[in-house]
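The block underneath contains the structure these notes are about, expressed in structure tokens.
The values are calculated or read from the model by the stated rules, or taken from the named source; none is laboratory data. Small disclaimer: the values here were computed from a predicted structure and weren't measured. Glycine gets a Cβ as well: all are built from the backbone with ideal geometry, and neighbour counts include every protein chain shown.
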Amino acid sequence: MVVSEKMYELGSKRSAIRELFEYGKQRAAVVGVENVYDFSIGNPSIPAPDCVNETIRDLTEHLDSLSLHGYTSAQGDVGTREAIAEYLNKEHGTSFRADNFYITMGAAASLSICFKALTCSNEDEFIIIAPFFPEYKVFIEAVGAIPVIVPADTKEFQIRFDELEKRINPHTKGVVINSPNNPSGAIYSEETIQKLAELLNRKQEEYHTQIFLIADEPYREIAYDTKVPFVTQYYANTLVCYSYSKSLSLPGERIGWVLVPDEVCDSRMVYAACAGAGRALGYVCAPSLMQKMLVKCIGQTGDIDAYRANRDLIYEGLTKIGYHCHKPQGAFYLFVQALEEDADAFCEKAKEEDLLVVSANGFGCPGWVRISYCVDGEMIKRSLPAFERLYRRYNGTTEG
Ligand code: PLP
């Protein structure tokens with residue numbers, strides 16, 4: 001083979017989610033778009049707040065083209081990094097400075113940069129906690145490290161600390177957490193974060209190593225009734241990977257950051273390694289126009305209440321039919337127990353009702369499915385009879 005087998009495999013096989021999304025488009029051409037209930041993909045369904053387009057218009061009208069579209073410094077414009085620091089300090093009582101932030105092309109880049117920066121040998125391990133965003137495995141393996149999976153707590157969707165502890169060893173380089181969580185919609189409680197910090201501190205001492213906590217937080221602002229603990233305040237060796245893809249509904253624009261607080265061990269060295277990883281991965285700098293827009297729009301969000309309304313519609317609708325669902329506290333995903341052991345088979349049956357939902361086998365949580373409710377609320381209402389028909393297929397009774 002003249003190309004990397006691994007890269008060939010990644011590039012030629014679509015993810016199960018993309019596959020389903022493409023199928024949905026084909027199916028809509030046959031039966032009509034209003035008759036396909038596509039809950040496959042996590043693309044924000046609410047528009048970016050007005051501030052985004054207004055600021056972009058203003059910038060393109062008033063800033064000269066060269067300063068607007070030129071390279072920025074690799075770590076990002078200092079004005080943007082100062083604005084991010086100032087906003088977080090106001091929100092969380094922290095004392096970050098511009099040079100704690102490295103601006104990236106979204107959370108995917110932030111994560112890849114962290115994994116690349118921290119990996120020293122091919123024995124290094126990063127622990128991921130099911131259910132998890134499937135790309136973690138891709139990013140970790142791409143830098144030559146090993147993903148290690150902690151099975152899911154399918155009751156509360158917090159962390160199974162006994163299982164986590166068993167997997168921590170002298171090769172553990174980091175633990176990745178994602179709260180609010182894709183796909184479960186759970187938010188890790190303060191108690192969970194405190195227990196996690198206590199465990200990691202204890203293990204660092206036991207093995208005389210540094211274990212980094214990598215907090216992947218693209219959904220931080222999409223939280224309904226629960227506060228999302230700010231992890232740097234609980235554990236010193238925390239790196240935060242953030243993105244504006246979801247909070248500002250800008251997934252196609254690719255903008256986010258890595259936060260390396262001063263409290264991290266060898267903080268400046270870790271920061272420099274992140275910059276080195278960004279360079280080695282060829283990111284050069286994050287999009288200039290988006291960086292400049294952020295200065296005006298940090299702290300704004302789209303209409304999160306629209307997601308809350310969808311959460312209530314789908315959660316209450318499915319629970320009433322009889323499905324066992326985990327009530328989401330954040331993000332825009334509902335996690336539902338499949339009606340048979342094999343979630344893939346369940347999703348195939350759902351497809352026969354034109355319900356496109358994603359098996360959680362790929363999220364490391366067999367027997368469950370993910371429903372992305374970042375969709376039009378009317379589609380949720382139209383889909384409920386199809387969910388009911390699907391339920392009845394498993395529960396024997398005919399429609400009454
Ligand atoms: N992390 C999680 C948990 C996600 O759900 C996503 C995207 O859906 C990402 C990271 C990547 O986000 P971005 O668009 O910022 O790269």
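For segment 20-38, give me each residue that is surrounded by 15 or more Cβ atoms within 10 Å (Cβ to Cβ) and assigned to a helix (DSSP H, G or I). Steps first, answer last, please.
Step one: filter segment 20-38 for residues surrounded by 15 or more Cβ atoms within 10 Å (Cβ to Cβ), giving 20-21, 23-24, 27-28, 36-38.
Listed by number, the residues that qualify are 20, 21, 23, 24, 27, 28.
Looking at segment 134-161, I want the residues that are touching a residue at least 12 places away in the same chain (Cβ under 8 Å) and have a partner that is within 16 Å of the ligand (Cβ to nearest atom) and of a type in the set (S, T, N, Q) with Cβ atoms under 6 Å, at least 6 apart or on another chain. Which pairs are those?
So the pair list comes out as 139/112; 157/184.
Name every residue in segment 223-237 that is more than 16 Å from the ligand (Cβ to nearest atom) and not in a helix (DSSP H, G or I), in order of residue number. Walk me through how you get there before you give the answer.
Within segment 223-237, the first condition is being more than 16 Å from the ligand (Cβ to nearest atom), and the residues that meet it are 224-227, 229-230, 232-237.
Result: 224, 225, 226, 227, 229, 230, 234, 235, 236, 237.
Could you list, ordered by first residue, the pairs with Cβ atoms under 7 Å in which the first is in segment 383-395 and more than 15 Å from residue 351 (Cβ to Cβ) and the second is modelled with pLDDT under 95, at least 6 apart or interchain?
392/398; 392/399
Go through (1) in contact with a strand residue (DSSP E or B) (Cβ under 6 Å, 6 or more places away or on another chain); (2) closer than 24 Å to residue 151 by Cβ and name the single condition residue 356 misses.
(2)
Considering only residues that are in a strand (DSSP E or B) and away from the ligand (no atom under 13 Å from the Cβ), look in segment 201-222 and name the one that is nearest to the chain's Cα centre (by Cα).
If we filter segment 201-222 for residues that are in a strand (DSSP E or B), which is where we start, we get 212-216.
Then keep just the ones that are away from the ligand (no atom under 13 Å from the Cβ); that gives 212-213.
Details: 212: 18, 213: 15 Å.
Out of the qualifying residues, it is 213.
Look through 337, 329 and report the one residue that is surrounded by fewer than 18 Cβ atoms within 10 Å (Cβ to Cβ) and within 23 Å of residue 189 (Cα to Cα). Even if it seems obvious, please write down each step before you answer.
On the way: 329 fails: surrounded by fewer than 18 Cβ atoms within 10 Å (Cβ to Cβ).
Exactly one of 337, 329 is surrounded by fewer than 18 Cβ atoms within 10 Å (Cβ to Cβ) and within 23 Å of residue 189 (Cα to Cα), namely 337.
Could you say which residue among 240, 258 is under 13 Å from the mean Cα position of the chain (by Cα), away from the ligand (no atom under 11 Å from the Cβ), within 18 Å of residue 98 (Cβ to Cβ) and assigned to a strand (DSSP E or B)?
On the way: 258 fails: under 13 Å from the mean Cα position of the chain (by Cα).
Among 240, 258, only 240 is under 13 Å from the mean Cα position of the chain (by Cα), away from the ligand (no atom under 11 Å from the Cβ), within 18 Å of residue 98 (Cβ to Cβ) and assigned to a strand (DSSP E or B).
Of these, 41, 17, which one is in a helix (DSSP H, G or I), surrounded by 10 or more Cβ atoms within 10 Å (Cβ to Cβ) and β-branched (Val, Ile, Thr)?
Working: 41 fails: in a helix (DSSP H, G or I).
Testing whether each residue is in a helix (DSSP H, G or I), surrounded by 10 or more Cβ atoms within 10 Å (Cβ to Cβ) and β-branched (Val, Ile, Thr) leaves just 17.
Of everything in segment 73-84, what is under 17 Å from residue 243 (Cβ atoms) and assigned to a helix (DSSP H, G or I)? Give them in sequence order.
Across segment 73-84, the qualifying residues are 80, 81, 83, 84.
For residue 135, indicate whether it is away from the ligand (no atom under 16 Å from the Cβ), touching a Ser or Thr at 6+ places or on another chain (Cβ under 9 Å) and not polar (S, T, N, Q). Walk me through how you get there before you give the answer.
Numbers: away from the ligand (no atom under 16 Å from the Cβ): no; touching a Ser or Thr at 6+ places or on another chain (Cβ under 9 Å): yes; not polar (S, T, N, Q): yes.
Considered against the rule, which asks whether it is away from the ligand (no atom under 16 Å from the Cβ), touching a Ser or Thr at 6+ places or on another chain (Cβ under 9 Å) and not polar (S, T, N, Q), residue 135 comes out as no.
State all residues of segment 261-281 that are in a loop (DSSP other than H, G, I, E, B) and away from the ligand (no atom under 16 Å from the Cβ); if no residue qualifies, say none. So that I can check it myself, show each step before the final result.
Of segment 261-281, the ones in a loop (DSSP other than H, G, I, E, B) are 261-266, 281.
Those that are in a loop (DSSP other than H, G, I, E, B) and away from the ligand (no atom under 16 Å from the Cβ): 261, 262, 263, 264, 265, 266.
Could you say which residue among 294, 281, 289 is hydrophobic (A, V, I, L, M, F, W, C) and in contact with a His (Cβ under 9 Å, 6 or more places away or on another chain)?
289
Restricting the first residue to segment 101-112 and requiring it to be more than 21 Å from residue 263 (Cβ to Cβ) and near the ligand (Cβ under 7 Å from one of its atoms), which pairs with a second residue that is aliphatic (A, V, I, L, M) and in a strand (DSSP E or B) meet a Cβ separation below 9 Å and a spacing of at least six or different chains?
Pairs found: 109/258.
Can you tell me which residues in segment 157-179 are polar (S, T, N, Q), in a loop (DSSP other than H, G, I, E, B) and more than 24 Å from residue 123 (Cβ to Cβ)? Walk me through it before giving the result.
Here is the first cut: in segment 157-179, the residues polar (S, T, N, Q) are 158, 169, 172, 178-179.
Next, from what is left, pick out any that are in a loop (DSSP other than H, G, I, E, B): 158, 169, 179.
Of everything in segment 157-179, those that are polar (S, T, N, Q), in a loop (DSSP other than H, G, I, E, B) and more than 24 Å from residue 123 (Cβ to Cβ) turn out to be 158, 179.
Within segment 189-199, is even one residue more than 12 Å from the chain's Cα centre (by Cα), in a loop (DSSP other than H, G, I, E, B) and at negative phi?
Within segment 189-199, the first condition is being more than 12 Å from the chain's Cα centre (by Cα), and the residues that meet it are 189-199.
Narrowing the set further to residues that are in a loop (DSSP other than H, G, I, E, B) leaves 189.
Narrowing the set further to residues that are at negative phi leaves 189.
Scanning segment 189-199, I find at least one residue that is more than 12 Å from the chain's Cα centre (by Cα), in a loop (DSSP other than H, G, I, E, B) and at negative phi, so the answer is yes.
Conditions tested, residue by residue: (1) farther than 25 Å from residue 46 by Cα; (2) not in a helix (DSSP H, G or I).
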position	(1), (2)
308	no, no
316	no, no
334	no, yes
340	yes, yes
346	yes, no
351	yes, no
369	no, yes
383	no, no
391	yes, no
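Considering only segment 31-56, how many residues are free of Cβ contacts under 8 Å to residues at least 40 places away in the same chain and over 29 Å from the mean Cα position of the chain (by Cα)? If you could, list the steps in order and put the result at the bottom.
The initial filter retains those residues of segment 31-56 that are free of Cβ contacts under 8 Å to residues at least 40 places away in the same chain, namely 32-33, 50, 53-54.
Within this subset, residues satisfying the condition of being over 29 Å from the mean Cα position of the chain (by Cα) are 32.
So the answer is 1.
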